[in-house]
Every structure is written in structure tokens, then in C-alpha cells.
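The values are calculated or read from the model by the stated rules, or taken from the named source; none is laboratory data. Computed from a predicted model, the values in this text were never measured in an experiment. As a convention, Cβ positions derive from the backbone with ideal geometry for all residues, glycine included, and neighbour counts pool all protein chains shown. Note: areas computed on protein heavy atoms with side chains; ligands, DNA, RNA excluded. Shrake-Rupley method; radii C 1.70, N 1.55, O 1.52, S 1.80 Å.
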Amino acid sequence: MEFSRLLFLFCLLSMRRSSAGASSTTDHGSSLPKSTSMSGSETTHTATETSPLSVTSLSNSVENTSSFQPATTTSSAIPRNATTQTLGSFLSGLLNSFLPMVLDSSVNTTSTTTSKLPLSVLSKQNIIPEQMRNSLLPLLMEGGTPGLESITRLFKSLSPVLPSILKALLQSNTSGLTTEELTCSEDMDTYLTDLLQTKMWALNMFDASGKPGTAILEGATTFFGNFDECLDGPSKVDPATGREIKGDTCVVNIKPPAQLLAAMGAGGGGGGNGDGILGGQQLAFNWHLCLPSSCGGSMVQSGLQSRLSQINLTVARVVCHSEIKNGPVSNDSGAVGAIVLTAIMGCMVLLGSGLDLYIRATKGLRRKVPLSPRKGEVKLTEICTTLNHSGETTFTNGKIDTNDLIENPRLNIVNGGIDNPAGPQVQETNGGHLVYPNGGQQLLTVDNEPDQKYKPKLLERILLCFSAVSNGEKILSVKRSPASITCLHGIRVLSIGWVILGHTYIFTMSTAGNPKSFVKIVQSFSFQIMLNATVSVDSFFVLSGLLVTYLFLKETEKAGGLKVKHMVMYYVHRYLRLTPVYAFIMFVYTVLVSHLADGPTWVGPYDKKNCETRWWTNLLYINNFYETKKQCMPWGWYLANDMQFYVVAPLALVPWALSSRRAGTTAGKIFKAAGVTVVIGYLICSVATTATLVHKYNADVFTNASVYFEMVYEKPWCRIGTFAIGMTLGYILHTMKSREVKMSPFLQGVGWLLALVAAGACTLSTYDANAEGRHGWGVEARTAHETLYRPVWGLVLAWVIFMCCKGKAGFVDWMLSWDWWQPLSRLTYGAYLMHIMLIQTETATARSLVNFTSGYIVYRFLGYTCMSFILSFMVSILVEAPLLQLEKLLLS
């Protein structure tokens, strides 16, 4: 179809002439002669009466465009001064190709004007209505300033000759068109007619279309329109057919010729990594156009491709919002199911919270002390085990007055929190009630009848598991557990912040108006910390290995040895700990998130179809093996690795647990050596496989990135090294928990200095490859870096944790053990699962480009981080904490 003529006629009205040939151009503002338009009559101007300045401007604007030929090969490096010339030639060629569309191609007349205009323009000049020559041509060819006055004058000059223009713009033969194509053609006809008559609804659609703006050479190749103005603007009802003509945003994806790709840096630069200025991505123009909603993507694509192919451009695809938008929520059974499930969980939380508040109100503050069978008194020996009492105590006949205990009770309760994969133990509960370390003795509420025990029924105990009051208190508690490793809280929160910041940089690139400036940022010394932010995930692997070892050995030692039930619950608890929250978030992400936002090309999460068919791979934690290019929630690769490490960890944990019961014996030494051998084997496996694969594919995060992520980054045999380091640290802390480490200040200083140097090498060494003027690393240097920097980072973190645990970290321990890290630490699991959902939804529904600066990224990062933790808290109250309490109730 030929409606593409209309499209580019008015899009070109807003295009600024490039600087190619602009050096000889005079003031364009003065080259636009005033034209007149009379009602009912025409004012005649011949071509020879056109201002010489206007002709000169036209000549300079399109000089040599008739010989424009796109390059057939991509240059690896294009001189900077050639970039502007290339783009100028490209735009001039584009203009020269589309100008004949608005003219009657059946006429072949030679202009009497002697100028350097292209032949295609000269041959049509005389057939342009005379009253339009001083408004249309100068405006199209940038001989004049496209201000509101000149555009209005153009519309007025077009109105008297509308029939002849429509004849050239619209396809006259409609006999071969389908019903949909005919409807589109008629709506385009109506749109054009009213646009030239300056009717508001048509002007609104034109105003909502994207226009090429500035910074195209900097990578601003997406021309956003006004999405909301296009969809919500006024419409028109065709009086002939009664059909409503409404606007719809269509995004046209255009692949430019190879010459322009090379000029814009897609073939070289970027620190010598071989992937180009824009990270090796395929550069394309995305043009947002507001068209009648009856014109679908296929019709728009076929109409445009017939013209764009003349200048070696390809319309890769056209996406129209009306074809991809989500229907009403009520028509989506999955979305309805997610809402119902969330509502049920919410009602349970409300009921549980109400019951909890009722019990607290009717039973006072529920202060509990362990009482003997005799009323009103306790034995002193029993109090000492659970009570830390400061103040005066009243004795009566060698016994303590219970009323005095009520006045000043201070229970020594072990504080915990929501059980995190790499986090602290949750305080034990029994159906929502605290269980104190007094040998399981029943705790009584203090009231007028202390022997009247409140025993909630089973249904009440289940509801109390959902209490937001009790669960919220535990999540937000900042009380320290005596045996907890407090520095882990700070490490966990800082690591998740590092992860979110890195993802903010990556995703914001898709809506950046100056993505080429990212090259300068990458070349800076300080930004190498962000380029190596992937070691933040290795921090979590270290913490996970540490805690699974430390807690497993502590539990088996407390139970008097390894038992079968330990191994059964080892796997059962881990799966129940991670999976319910994971499944709930995945369900909502797949079926509901698409209805919560809208944008020009928004159909929902980009991996929605993968989640609909491959969700089970995530719940079985094999998504990093099975069809890895089609993962649901691709960031779930970390959970798959962590679960796989958890599965194989007992190969070392069991021998270590057996050795603790045989300490000092030959069998004990053999078991200990077996565990150490397994852990060393894990580390060697990680180093060897990483070195082999990186050398084979010559890949890292920025070079052959897709291969690197698929073959190296997500695979457990390449990432288990830091987990093994964490396991080793956990075993050391368990065996040395009662020993004091004697280390001279000199050795401590040397250790901290080496740790600081090693951390700097892990995070800053890539400056050698990315600095301006550098050509990047060769395969040997890249292999060495990728093989060693993760294990070295694990060793640095192990040193920090060990010194904190032994009280020799000073300020570092004080900072990492800050009390308010604890509630945030308990929420890191949910924050990890949901932060990418927030980032991707916000960027995928963007209405405009943003200016990519580090300050702006930090601003966005703070917002994403706050929202991630808020949503994580809500999910913890709704799903995570109640299900953990239900698990404990079931097992009790």
C-alpha cells in the first residue's frame, strides 16, 4: 500500500537537515519567502520567482544525493570527521527517495530552474502547485525554519489542491486489497484530508508521532512519540461508514545500511574489546508513529518496505500496540487466579493478625516466665537458666515472690529472623508462639490466675502463623543473637545493593538518549568496580557455603551425631525454604505483571512465553542446564546453582560431621581429610573448567557475552569455587569457635594489606583493558583474569569474615555488624527475586529517552532498591514468613 507516502511526507517536516554540505549554507531563516493564500483564488508564483537564497539552500541541502550508495561492507573503524558526512548523505538519500512519493510520478517535466537540485526533484518541481512552492519545498528540504507559522502556512497552501495530492498519495487501484487493507486505506485517506485541513484530531495524531531528534550520532536511534496522546487523543467518526478512526502507536524497526552502522561505531571501538561502541548490539532505528488503528503492523511494514528498500534500508518489523495490548484482566484466567490466590493469602494474614491482637489484648502483654507446678512461685535454680534479673528481689521463706518477677522480667531470648538462604536461623516458634530455651517447659501468661494456661486450638495455631504482627516483629527485629555471625548481615545487604546497581546500569541502556557516552564511562578507572560487579554474586556463594557448613555441623554436634533425619530434613527444609516464595513470585510475574503496566511495545515480561512453558525447570532448579536460552526469570540461574551446590555439599559435610565424633582417632583424621579433599576438588574443578572454557571461546562479560553467559557464567562447575571457599571457612569457624586466635598486630596489618590489594585487583584490574587507547586483552590475559579473580575475591571475603568473628576487624566489623542491617538482611532473598521485575517493567514501558549519566543511574538505583525491599517485606508477610511457621508447626 502507498499510505507510506503520507507517513514520510509529514515526518520529514520535522527532520533537521544534517550538517553535510551545511558549511556553504546561508541563513535559512531568511530564505523562506512569504507565501500568500487567498480564499477562493490562487496567487501565482513561478519557479523562476523563487528566492535565489532558497534555491541555494535547497542545493546545499541535497547536493550529490542522487549518487548516494550505501556501503556493502562494514568498516572496523570510521574516522570521526567522516561520521557526519555519512549520516548527512544517508538522510539526504532518504529524503531524495521519498520526495517523489508526494508528487505525481506519471509526469516527467524538466524544471527551468538552473540549480544543483537532484534530478528527481527538478523533474517534479513544475508540477508542484505554485502556491505550495514557497512553503512545501523549502520546509521539506530545510530551506526554511519549520516553525509553527511555516507549518500552518503549509497546511493552508495544501488545502486548495487536496484532490491532486491525494491522488499521488493514495493507491488508486483498490480492487486487489483485502477488507482490512481497504479499511486502512480509507482511514488514511480521511486522516490525510483532515490533517491538511488542520482539523484538531488529525493534528493530534501527527503531533503524537515521533520525530528524529538530536544526538543520533550518539546512539539516540529511537524516536519516541507521545504514546498516551496518540491513544487517548480525540478521534473521528467517518460519516460515510460510521467507523471510528482512532490513533494507535506503531513502532517501526528499521535496519540502516552497513555504512551508517560503521559510522556510528557498531564496528569498532569500545576499549578494544571488538564488540563496538554500543556493546556489539545490532543498531537499528525505532520510529514511533501514530497511525489509524485499522492499519496493522503487517500493512504498515509492507507499505514502508517497498520504498525503504530503494535506499538499502530494511523494515525488520512493525509492532502496533492495538495488536499486542493485553485484554481485560477478567478475560485472563491466569491473572484472575493470581489475584484470587493473593486475596486468599491476604485474608489469612488479616485473620491471623486479628487473632494475635485479640489474644494480646485479652491476655495482657503475654509476658511469660517458667513456673513450677506450685502456684505463684518458682525455684531460684530454674529462674537462673532463663532470667537475667537486675534489681532488688523479694525473698519469702527462701523463695522468690512471683509478683516481683512480674515487675522486672528480662528474658534471655535468642533472637533470630526469617531464615535466609545465607542468613540467620529463625527463632523457633510453635504455631506462631515463641518457644524459649528452658527445656521446652510450658510458658504461662501472667494474669490473676497464672495456672490457667491458654492453649490455642489447631485452627488458631494455623491462623497465628499468618499474623503480620508477630512475623513483622521478627523480620524488623534488631536484637542480636548471642551466637550469630553479625557481620554477615552487612555483607549480604551491600552485596544485593551492588547487584541492583549493576542491573540498573545494564537495563537503562535500552532507553538512553546518549548510549555512546557509556564508552567514556566504561573507560574510567572508578567504573571498573561496576564492570566487575558480578563478584557480588560470588559473595552470596561464599556466605551460602559458610552457613550451610557451620549450621549443619552445629546441629549434628548438638544432636550427638549424624542421624538419618538430619539428612532428610537437610533437603526438605531447603526446598521448602526457597520454593514457595519463588513459585509465588514467578506465578504473579508470568500472569499478572503484564496487566499492571502499559507502553508502546509492552506485552508483559520479555520472558513471559518462556515462563508459561518452562516454569517447571525453575522449580526443579535445572534452569541453568535445560534450554538456557529460553529461561523463565533468567536471574534464577543463581538459585539453581545455589541449590545444586547444596545438593553436593554433603559429600564434604558428612565426613566432617563423622570426624567430630571421632576427634583424635585415626578414623576421625581420615574423615576430616576426606572432607577437605572434596572441598579442594570443588575448587580445582571450578578453576580448571573456567580456564578451559574461557580460553576455548575467548569470552567474558563484554566479549562474546552470549556464549560466556551460557557456557561459563551460569554453570555450577565454573562457579562452585567460591562456595567451596565458604564451606572451608564454615568448617574452620566451627572447629575454632572456642579458641582465641593469637595474631600479632604486624601480621594483622600484613593480612589486611594483602586483602585490600587483592580486592583492588579483582575489581579494578580491567582498567588495563578498557582504558582509552587500549586495545583490550588477548585470550591469555582474559583467561587468567576470569579464572582467578572470583576465587581471589572469595578468599578476601573469607579473611574479612574470619577477622570479624574473632574480634580483630575493628571498624570493619563495627560497620558490617550495624544493627539495622539485620532487617534488611532478612529481606535480601525477596529483593533479589523482584528487583529485575521492577527495572525491566519500568524500562520496557518507557515513554521517552533518558540522559545516561552516573548521577541519574544512582538516582534510579535508590528508587529500585527501596521499592525492592518494600515489596520483599510485603511478600515476606504474605507468603514467606507464614509458610516457614507452617513448616515448623507441621514438623512439631
ask   = Which of the peptides 536-545, 322-331, 739-748 is most tightly packed, and how do the rest follow, going by the mean number of other Cβ atoms within 10 Å of each residue?
value = 536-545, 322-331, 739-748
Calculated Rg and Dmax of the stretch 653-730 using C-alpha coordinates, Å = 16.8, 52
request  = Compute the Rg to Rh ratio over the stretch 567-632 from the alpha carbon atoms, using the Kirkwood formula for Rh, and round to two decimal places.
outcome  = 1.08
request  = Express the C-alpha Rg of the stretch 449-536 as a ratio against the empirical globular expectation 2.2 N^0.38 Å, rounded to two decimals.
outcome  = 1.97
query = Using the heavy atoms of the protein chains alone and a 1.4 angstrom probe, what is the accessible area of the stretch 662-771 per residue in square angstrom?
reply = 50
key: Given LYS479/LYS808; LYS455/LYS479; LYS211/LYS609; LYS565/LYS715, the pairs whose alpha carbons are separated by over 25 Å   = LYS455/LYS479; LYS211/LYS609; LYS565/LYS715
query = Once the principal axes of the Cα atoms of the stretch 722-835 are found, what is the range along each, listed largest first in whole angstroms?
reply = 52, 43, 26
request  = Mind ranking 499-507, 671-679, 285-293 by how tightly packed they are, going by the mean number of other C-beta atoms within 10 angstrom, highest first?
outcome  = 285-293, 499-507, 671-679
Rg(Cα) / (2.2 N^0.38 Å) computed for the stretch 472-614, rounded to two decimals = 1.45
note = Burial-style ranking of 713-721, 197-205, average other-beta-carbon count within 10 Å with highest first, yields 713-721, 197-205
request  = Quick one: grab Rg to one decimal and Dmax as a whole number for the stretch 762-892, Cα atoms only, in Å.
outcome  = 20.8, 66
ask   = Each label point is 7 Å from the Cα along the Cα-to-Cβ direction; what then is the distance between the points at VAL858 and ASP207, in nm?
value = 3.9
note = Using the Cα gyration tensor of the stretch 636-766, the equivalent ellipsoid's semi-axes, largest first and to the nearest Å, work out to 32, 23, 12
inquiry  = So if the hydrodynamic radius of the stretch 542-651 is defined as the Kirkwood radius over C-alpha pairs, what does Stokes-Einstein give as its diffusion coefficient at 10 °C and 1.306 mPa s, in µm² per second?
reply    = 100
ask   = For the stretch 305-364, with every protein chain kept in place, what is the accessible area per residue (1.4 Å probe, Å²)?
value = 54
task = Sort LEU733, LEU494, LEU596 from largest to smallest accessible area, using a 1.4 Å probe on the heavy atoms of the protein chains.
result = LEU596, LEU494, LEU733
key: Solvent-accessible ranking of VAL478, VAL251, largest area first, probe 1.4 Å   = VAL478, VAL251
